[in-house]
1. Using a simple charge model, +1 on the beta-carbon of Lys and Arg, -1 on the beta-carbon of Asp and Glu, nothing else, what dipole does the range 51-108 show about its Cα centre, in debye to the nearest 20?
2. With Cβ to Cβ distances under 14 Å as the rule, what net charge do the other residues near HIS18 carry (K, R +1; D, E -1)?
3. Just how large is the dipole of the chain about the Cα centre, in debye to the nearest 20, putting +1 at every Lys and Arg Cβ and -1 at every Asp and Glu Cβ?
4. Using 10 Å bins from zero, what percent of all Cα-Cα pairs in the chain falls into each bin?
5. Answer with one residue from GLY47, TYR10, GLN30: the one whose Cα lies farthest towards the positive end of the charge dipole of the range 1-63, charges on Cβ with Lys, Arg +1 and Asp, Glu -1.
6. If the elastic network links every pair of Cα atoms under 10 Å, which of ARG98, ARG27, ARG65 fluctuates the most in the Gaussian network model of the chain?
7. If Lys and Arg each add +1 and Asp and Glu each add -1, what is the summed charge of the other residues whose beta carbon sits under 12 Å from the beta carbon of GLY47?
8. From the helices alone, meaning DSSP H stretches of at least four residues, give me the mean residue ellipticity at 222 nm for the chain, per-run term -39500 (n - 2.57), in deg cm²/dmol to the nearest 500.
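No value in this document is a laboratory result; all are computed from the given coordinates. Because the structure is predicted, anything quoted here is derived from the model rather than measured. Here the Cβ positions follow ideal geometry from the backbone for every residue, glycine too, while neighbour counts run over all protein chains shown.
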Amino acid sequence: MEELPQVANYVANKLNSHFNGTPEQRRILQALKVQEEAGELAQAVIGALGVNPNKGHSHTWDHVRAEACDTALTALVLLHMLGGDPEWFLTEHLRTIRAKAEGWEATA
């Protein structure tokens, strides 16, 4: 299996090669795409829970997992489009989040 950063970089390069606008426009559209994917994730959760009376159980938890993956990859593609060293930035940000999480109190 390919590493996630390489896949995100590959997808970002492919998308950029098919886009005629400016890099700033591409980044803006990719940020909006993250929001779109998050909306699809929310829709899948609602469908898995069956809380929409018009649709009932329209999704499974595997659908939710797939939408979570799509949302995560789309966000990583944006990170690559923003330039710099996306792997370094992600690693440093995850370290910050982990340090915060270590301070959380457990709830029982």
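1. Working: 5 positive and 8 negative charges, 37 e Å.
With Lys and Arg at +1 and Asp and Glu at -1, about 180 debye.
2. Working: positive: LYS14, ARG26, LYS33; negative: none.
That works out to +3.
3. Working: 9 positive and 14 negative charges, 45 e Å.
So the magnitude is around 220 debye.
4. Here the calculated profile for the chain is 14, 31, 32, 20, 4, 0.
5. GLN30
6. In the Gaussian network model the winner is ARG98.
7. On the way: positive: LYS55; negative: GLU40, ASP62, GLU67.
Result for the neighbourhood of GLY47: -2.
8. Numbers: 4 runs with 79 residues, N = 108.
Counting only the DSSP helices, I get -25000 deg cm²/dmol.
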